[in-house]
Amino acid sequence: MHNLGLVARIFHALFVAFILAPLLMVIAVSFTDKGYLSLPTNGLSLRWFHAILDNPDFIDAFWMSVWLALIAASIAVLISIPAGLAIARHKFAGRDIIAAFLLSPLMIPHLVLGVAFLQFYSSIGLGGSFFGLVAAHVVLITPYALRLVLSAATGLSTDAENAALTLGASKFTVFRRVTFPLILPGVAGGWLLSFITSFDELTMSVFVASPSTQTLPVKMYHHITQTIDPLIASVSTVLIVLTFLVMLILDRFYGLDKIFIGKG
Amino acid sequence: MGGVNTRLAPYFLTAPGIVFFVALLGAPMLMTFLLSLHSYDFNTGIQSDWTFANYIEVLGDSYFQKIFGRTFGLALLVTVICVLIGVPEAYILSKMSSRWRSIFLLVVLGPLLISVVVRTLGWALLFGGKGLLTMISQALGFGDAPVSLMFTFTGMTIALVHVLVPFMVISVWASLQKIDPQSEDAGYCLGASKLTVLRRITLPQAMPGILSGSIIVFALTASAFATPAIIGGRRMKVVATAAYDEYLSTLNWPLGAAIAVLLLVANVVIIASYNKLIERRFAKVFE
């Protein structure tokens with residue numbers, strides 16, 4: 001930091017404080033020993049973390065979100081691997097249109113997706129079902145998985161694959177033993193980013209989830225609009241800690257900046 | 001490797017995605033558009049007629065004009081603030097030693113992975129009646145009256161800047177990475193001051209990042225739901241929360257659908273025209 005001027009350092013400190021302030025506030029409030037919203041001025045207490053255990057709603061919603069994100073991210077990756085390889089490595093009529101179509105959910109506000117699924121599912125009798133929630137999430141997160149598969153597959157040399165084919169390997173063996181390992185970092189990054197996007201999604205899920213398929217963000221949102229109490233702060237603190245762990249893993253293996261720019 | 005087989009291969013490979021998207025994206029979107037063309041009666045529900053009445057109501061009614069105007073103004077303000085604070089921060093990050101940089105990139109970009117609900121909750125705690133704002137104002141001797149930014153435009157703006165500024169930083173950061181440091185050194189060698197180098201060499205090269213960051217922030221603010229719903233509440237409705245209420249409170253789905261379609265069209269038009277502008281103005285930078 002030695003080559004930065006004083007003004008730059010002060011600006012940077014303020015910026016970081018701005019970014020961290022709300023998160024630190026949530027964490028601080030969750031350790032309060034009082035029965036109402038307050039900062040833990042007379043000592044830390046874990047009572048609101050114990051309170052989570054007495055509220056199975058939040059725990060159920062957490063597992064709902066985990067399963068939803070696991071299944072949806074896996075399906076999104078299964079769709080993205082063949083599609084990404086085709087788009088990145090073949091020239092064919094309609095390629096640009098197909099790519100744009102599969103990436104189009106990025107351009108659609110989540111609210112619009114939400115109302116569209118609400119109407120669609122209620123008209124075909126899937127309203128509030130877990131299956132419907134999974135399908136909606138697959139649509140939403142496939143572009144994220146596809147982008148990372150695309151960037152991993154683009155410019156990949158075909159030499160190794162040709163060598164394997166020449167040596168008599170079947171097409172499937174070539175994919176399993178040569179192509180797939182080569183794009184694996186992109187696939188894994190795409191899966192993780194899809195998982196997180198699905199896990200955190202609120203706006204679309206608010207319209208699609210029913211009381212029996214409530215995800216954690218939806219449950220938290222409904223709780224906050226009713227009342228803001230230390231319980232919601234302790235639930236949030238748990239989420240912050242979990243996210244931080246995932247973040248460290250992502251950063252260690254890919255670099256956060258690369259994940260977000262989508263050129264992993 | 002048969003000729004026909006190879007030629008059709010990409011279609012087979014993309015088929016699962018295309019089929020899935022046609023059924024589960026195409027159909028719902030089409031149905032929403034069709035729904036927006038029906039009228040609604042509060043006693044008998046959705047009618048089977050075809051009309052533009054919902055669009056006329058949304059575009060003509062001063063209530064909705066106010067909501068669209070507020071949303072647009074909010075998006076513009078949040079974007080401007082994100083440029084003003086995000087661009088310098090990205091520049092500072094790019095000038096740091098690599099050890100500090102990796103730590104602070106984590107700090108600045110990490111919140112993107114944390115649920116928007118959690119981040120907004122933090123601002124609700126800071127803004128609320130017993131929040132930090134009140135404590136600060138009491139400590140500074142402004143009296144005991146609680147200061148609250150809940151349900152205000154200012155509160156929404158601050159919280160949304162916080163939620164979205166990482167997108168600006170990452171976008172500008174990406175374009176700063178591409179700058180050849182020698183171009184800056186050349187400026188210094190030729191006697192330019194630090195400010196001149198920043199203004200004439202660094203900033204123009206960072207412009208594509210600033211513009212693409214702006215479009216991301218603008219589009220995401222215009223369609224933001226969670227933060228305006230929690231901080232703005234019923235008193236400060238934006239387009240997304242207004243559509244939510246039409247669907248889940250008033251139950252006037254056709255009107256909600258018209259709002260959603262307008263939001264989508266505005267989003268696509270803004271993104272597409274912005275991209276065009278960037279391509280034309282910065283064709284050389286992208287080469």
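Rule-based calculations on the coordinates, nothing more; no lab input. The structure displayed is predicted, hence computed values, not measured ones. Heads up, the Cβs are rebuilt from the backbone with ideal geometry, glycines too, and the neighbour counts pull from every protein chain shown.
Rounded to a whole number, what is D in µm²/s for region A:159-264 from Stokes-Einstein with the Kirkwood radius over alpha-carbon pairs (37 °C, 0.692 mPa s)? Numbers along the way, then the final one.
Working: Rh = 17.1 Å.
D = 191 µm²/s.
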Fewest-first ranking of A:Ser212, B:Ser214, using other Cβ atoms within 10 Å as the exposure measure: A:Ser212, B:Ser214
C-alpha center-to-center spacing [region A:67-119, region A:1-61] in angstrom: 36
Sequence of B:Tyr63, B:Tyr11, A:Tyr221, B:Tyr40 once ranked by neighbouring C-beta atoms within 10 Å, starting from the fewest: B:Tyr63, B:Tyr11, B:Tyr40, A:Tyr221
For region A:92-106, 3J(HN,Hα) per residue [Karplus equation, 6.51 cos²θ - 1.76 cosθ + 1.60, θ = phi - 60°, Hz, x = Gly/Pro]: 8, 4, x, 4, 4, 5, 4, 4, 5, 5, 6, 9, 4, x, 5
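Evaluate the Kirkwood expression for the hydrodynamic radius of chain A, namely the inverse of the mean inverse distance over all pairs of different C-alpha atoms, and round to one decimal in Å. Working shown, then result.
Numbers: mean 1/r = 0.0471 Å⁻¹.
Taking the inverse mean of 1/r over all distinct Cα pairs, chain A comes out at 21.2 Å.
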Between 0 and 90°, nearest 10: helix A:180-200 axis offset from chain A longest Cα axis: 30
Between region B:1-49 and region B:72-98, the alpha-carbon center distance in angstrom: 38
Of the chymotrypsin sites (Phe, Trp or Tyr not before Pro) in region B:147-253, those whose Cβ has at most 15 other Cβ within 10 Å and which sit in DSSP loop: B:Phe151
Distant-in-sequence amide H partners of B:Ile46 (H built 1.01 Å from N, under 5 Å): B:Asp41
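At 20 Å minimum axial length over the Cα atoms and a Kyte-Doolittle cut of -0.5, report the qualifying DSSP H helices in chain B, or say none. Write out the running numbers ahead of the final one.
Values: long enough: B:3-21 (28 Å, 0.94); B:62-95 (49 Å, 1.19); B:153-177 (35 Å, 1.67); B:203-222 (27 Å, 1.47); B:253-281 (41 Å, 1.19).
Span-like helices here: B:3-21, B:62-95, B:153-177, B:203-222, B:253-281.
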J(HN,Hα) series, region A:229-243, from Karplus relation 6.51 cos²θ - 1.76 cosθ + 1.60, nearest Hz, glycine and proline x: 10, x, 4, 5, 5, 6, 4, 5, 4, 4, 4, 4, 5, 4, 4
Ranking of A:Phe117, A:Phe130, A:Phe172 by count of other Cβ atoms within 10 Å, fewest first: A:Phe172, A:Phe130, A:Phe117
On Cα atoms only, tilt of A:110-124 relative to the major axis of chain A in degrees: 80
Computed helical MRE - 222 nm, the protein assembly as shown, DSSP H runs ≥ 4 contributing -39500 (n - 2.57), nearest 500: -23500 deg cm²/dmol
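Would you mind working out the magnitude of the charge dipole of chain B relative to its Cα centre, with +1 at each Lys and Arg C-beta and -1 at each Asp and Glu C-beta, to the nearest 20 Debye? The partial results should precede the final answer.
Details: 19 positive and 13 negative charges, 174 e Å.
I would put it at about 840 debye.
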Loop-located chymotrypsin sites (Phe, Trp or Tyr not before Pro) in region A:1-105 whose Cβ has at most 10 other Cβ within 10 Å (DSSP): A:Tyr36
Of A:Lys171/B:Lys178; A:Lys219/B:Lys276; A:Lys219/B:Lys237; A:Lys34/B:Lys237, pairs whose Cα-Cα distance is over 30 Å: A:Lys171/B:Lys178; A:Lys219/B:Lys276; A:Lys34/B:Lys237
Shape box of the protein assembly as shown [Cα atoms, principal axes, largest first, Å]: 81, 76, 50
Positive-end residue of A:Val218, A:Val138, A:Ser205, charge dipole of region A:55-261 with Cβ unit charges: A:Val138
Alpha-carbon centroids, region A:159-225 and region B:215-287: separation in whole Å: 26
